[in-house]
1. What is the mean number of Cβ atoms from other protein chains located within 10 Å of the Cβ atom of each residue in peptide A:145-151, rounded to a whole number?
2. What shape does the range B:13-134 have by the C-alpha gyration tensor, where a ≥ b ≥ c are the square roots of the eigenvalues, rounded means a/c under 1.5, and otherwise prolate means a/b greater than b/c and oblate the rest?
3. How big is the dipole moment of the range B:1-99 about its Cα centre under a simple scheme where the beta carbon of each Lys and Arg is +1, that of each Asp and Glu is -1, and everything else is neutral? Debye, nearest 20, please.
4. Against the longest alpha carbon principal axis of chain B, how many degrees, from 0 to 90 and to the nearest 10, is the axis of helix B:13-23 turned?
5. Using only Cα atoms and rounding to the nearest 10 degrees, what angle (0 to 90) does helix A:83-96 make with the longest principal axis of chain A?
6. Give the cross-link partners of residue A:18 among the aspartates and glutamates, using a straight C-alpha distance below 16 Å as the criterion and excluding same-chain residues fewer than 8 apart.
7. Over what distance in Å are the Cα centres of the range A:73-145 and the range A:271-307 separated?
8. Residue by residue, what Karplus-based ³J(HN,Hα) values in Hz, rounded to whole numbers, does the range B:116-132 have, using 6.51, -1.76 and 1.60 with θ = phi - 60° and x for Gly and Pro?
Amino acid sequence: MSQAACIVGIGETDFCRKPGSGMSQLALQLRAATAAIQDAGLTPRVIDGIMPFPNLGRAEQFAANLGCENLRFAATIHTGGAAPVASLQAAATAVNAGMATHVLLPAGWNGYSGARVRQTVSQDVASIPGGAIARDYYLPFGFTAPPQWYSVMARRHMYEFGTTPEQLGTIAVTMRKHAQLNPKAVMHGRSMTLDDYLASPMLADPYRFFDCCLETDGAAAVVVTSAERARDLAAKPIQIMSGACGQPYPADEITNRKDFFRTGLSIAAPEAFGKAGIGPSDVDFAMIYDCFTFELLQQLEEAGFCKRGEGGHFVEGGRIELGGELPVNTHGGLLSEAHVLGMSHITEAVRQLRGEAEGRQVEGAEIGVVTGWGDFGDGSIAILRR
Amino acid sequence: MSEYTKPLPELEGHTKDFYGFCKQGELHFQRCSACGTWRHVPRELCAECGSWDWEWARSSGRGEVYTWTVVGRALHPAFQQSCPYAPTVIELEEGVRLLSEVLDVAPEALEIGMPVEVVFEAVTDEITLPKFKRVAAS
Ligand SMILES: [Zn+2]
């Protein structure tokens, strides 16, 4: 158990929409990176592993700016929004194998003031694994962007299991409620009711405007090291008990899956829980990649927090609220905090496990789960322990 | 006639053949010559049995609505004038699914299981897209 690699540093920039970060995408990520390194009590010079987010910068750039003279391990996991959590597992493996000692995981972008999140994929599909397929078989029919791609899954789920718009709305409202407890959240101070949700315009029916994540500027970063090295450092180490990744089949085409709801997490979650030797019921909270409301619901099912088809019922009755049976995204998530590509789900999990989640602390939090979702349903999961 | 501004497929490799058949007014998919499995989108070998032998086989063009989304706000500038429209997954009789659109049914009238049949829409001199229309239940 003591051999588990650890997260020893976390860092974030402010998150904002207007007027924008005022920084380049690289500078923004470097701000978060230096904050994470400082939080760990390290100097940038000792970072010898860097895992950048896909298409948002190269390890060489980070190393040159930070002064990492001994970079040994540079890798990117190409699973879109699933990459930060997938990188936790890879970084843990790297430090345990001696490939690197201190691995930096940065992520961030000007998703509001730069190329908007909505534009990044719909007009440049080459950035995703199924790019040529989307270009030749989706875009000519106006099936151009993630909310549209995923909403066909949501509709099919509604048809097969009776999932309702009110249940999706409950997720959006819960994330907004949590954002009221997080002064950094872009939606802090802007509450939302279920009626507000239901009145919001249809973007990609069944997805309303409020089913969709925010577009924001911001960055976050974490530093991973070995258990042995973690003992010498300033911050309280958070153990990576286990991690796993998975892909749907086929991963590059969303319509021809025999099992329409089997995504990457369907493979990854049982593996991660198995390796950690615990089950979903042993978890004190979950940070679930919530690019859209239904993706959160679907991941709760595929991760095993409830059975497939029961996600709609599961999110009702305050179960996923702070104080409920399984608090989900206590920071407000991509839906109401900011879209930091999943990295702020990891930083929030670490704050919870350190007992530093002021005003929104999950009482006695000892074990937490973080998931990632990207591209056409790639999945990742990490189980963290204080 | 105004210029067609929506995105078009790039006619390369098997995709050139797929849309070439559409231009002739026929819907074809790859079918494995060894095990008979139909597939879409085009692949190099059969994921079911591993055979490299395949042929373009003509689909009946009949199928049903599997799921869809209704785009109320376009996220690609070329589709701004088309809203609301409904990208629809059609499950064909052969078992493959195709992302397309049902031309003669309003988005709010779509239903899962609705029987449909392929029609062809020549959008440019070069490109013909496979679309669908509603048919009576058999
Ligand atoms: Zn075969």
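1. Rounded to a whole number, the mean comes out at 4.
2. prolate
3. The dipole magnitude comes to about 300 debye.
4. 60 degrees
5. For A:83-96 against chain A, the angle is about 30 degrees.
6. Here the aspartates and glutamates satisfying the reach criterion relative to residue A:18 are A:215, A:217, A:337.
7. Using only Cα atoms, the two centres lie 21 Å from each other.
8. Whole-Hz 3J(HN,Hα) from phi for the range B:116-132: 9, 9, 5, 9, 10, 10, 7, 8, 9, 4, 8, 10, 10, 9, x, 10, 9.
The values are calculated or read from the model by the stated rules, or taken from the named source; none is laboratory data. Source: prediction; values computed, not measured. Cβ: placed from backbone, ideal geometry, glycine included. Neighbour counts: every protein chain shown. To get the accessible areas, we keep the full protein, side chains included, count just its heavy atoms, and leave off ligands, DNA and RNA. Shrake-Rupley method; radii C 1.70, N 1.55, O 1.52, S 1.80 Å.
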